[in-house]
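What follows is one structure encoded as structure tokens, with my remarks underneath.
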Amino acid sequence: MKPIILKIKGINSFIEEQTIDFTSLIQLGLFGIFGPTGSGKSTILDGITLALYGEIPRARNLSTKKDLSGIINTQCQQGMVYYEFEMGSPDERKRYMVSRSFKKDGQGNVKTNRVLLCDITHREEPVVLEEKVTPLNHRMVEIIGLTSEDFTRSVVLPQGNFSDFLKLSGKDRRNMLERIFALQEYGSQLTQRIRSR
């Protein structure tokens, strides 16, 4: 995945809309996000994960899995993320945009308000792919090739969670790495073919 643009408003430490344009950063292929504690570095990663999967690892609650109550800034009633990214090889690259908006209800609970996923490879003719939460979440797994858990374990790796990856059982770690590197045909699919013969 190649990040292009991220817009965040009303999420965590960002009250006003902030736009991060990655185009100049990614030209060299590697970049870092630096800043003092509390400046919003983690919120940038949260914004990407929130846009892609509708959840962030540090907001997960074991009983509900998705507890979004803490993501909207205390001074805001709504929050929004907008993310443009590219996927695929250089000769078959596709560009997508995904946006999600969130709203506090009367009890302070946060609910997803609107979602949108579009293929914007050809900007003059964007194609709306999904406008509902569950289909959008499934489509993101298809496009990215990773579940939200795999994405946060391998791409985002929240602070202090590296040990979680190391603690995965051999089978779980192997399955996750197969999905990350698209090696299923050499792993589980090959094992199934051998067993069937």
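The values are calculated or read from the model by the stated rules, or taken from the named source; none is laboratory data. Just so we're clear, the structure is a prediction, and the values are computed from it rather than from any experiment. A quick note on method: Cβ atoms are made from the backbone with ideal geometry, for glycine too, and the neighbour counts reach across all protein chains shown. Keep in mind that these areas ignore ligands, DNA and RNA; they rest on the heavy atoms of the full protein, side chains included. Shrake-Rupley method; radii C 1.70, N 1.55, O 1.52, S 1.80 Å.
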### Task
Taking the residues in segment 147-160 that are open to solvent by less than 50 Å² (accessible area, probe 1.4 Å) and not in a helix (DSSP H, G or I) as candidates, determine which candidate is modelled with the lowest pLDDT.
158
### Message
Consider segment 136-146. How many of its residues are open to solvent by 10 Å² or more (accessible area, probe 1.4 Å) and either in contact (Cβ under 8 Å) with a residue 60 or more places away in the chain or in contact with a Phe, Trp or Tyr (Cβ under 6 Å, 6 or more places away or on another chain) (or both)?
### Response
2
### Message
I'd like the residue in segment 1-36 that is closer than 12 Å to residue 79 by Cα and assigned to a loop (DSSP other than H, G, I, E, B) and, out of all such residues, is most open to solvent (accessible area, probe 1.4 Å).
### Response
16
### Query
Is there any pair linking a residue in segment 15-44 that is under 23 Å from residue 97 (Cβ atoms) and without any contact (Cβ under 8 Å) to a residue 60 or more places away in the chain to one that is open to solvent by 70 Å² or more (accessible area, probe 1.4 Å) and among the charged types (D, E, K, R), with Cβ under 9 Å and at least six apart or on different chains, and which?
16/9; 18/9; 22/2; 26/2
### Query
Where residues in segment 81-110 are over 19 Å from residue 23 (Cα atoms) and without any contact (Cβ under 8 Å) to a residue 24 or more places away in the chain, which of them is least open to solvent (accessible area, probe 1.4 Å)?
101
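I'd like to know if segment 74-81 contains one or more residues that are of a type outside the set (Phe, Trp, Tyr), modelled with pLDDT under 85, in a loop (DSSP other than H, G, I, E, B) and within 17 Å of residue 12 (Cα to Cα). Let's see the steps before the verdict.
We begin by selecting, within segment 74-81, every residue of a type outside the set (Phe, Trp, Tyr); these are 74-81.
From what's left, modelled with pLDDT under 85: 74.
Narrowing further to those that are in a loop (DSSP other than H, G, I, E, B): 74.
Retained after the next criterion (residues that are within 17 Å of residue 12 (Cα to Cα)): 74.
So far as segment 74-81 goes, yes, one or more of its residues are of a type outside the set (Phe, Trp, Tyr), modelled with pLDDT under 85, in a loop (DSSP other than H, G, I, E, B) and within 17 Å of residue 12 (Cα to Cα).
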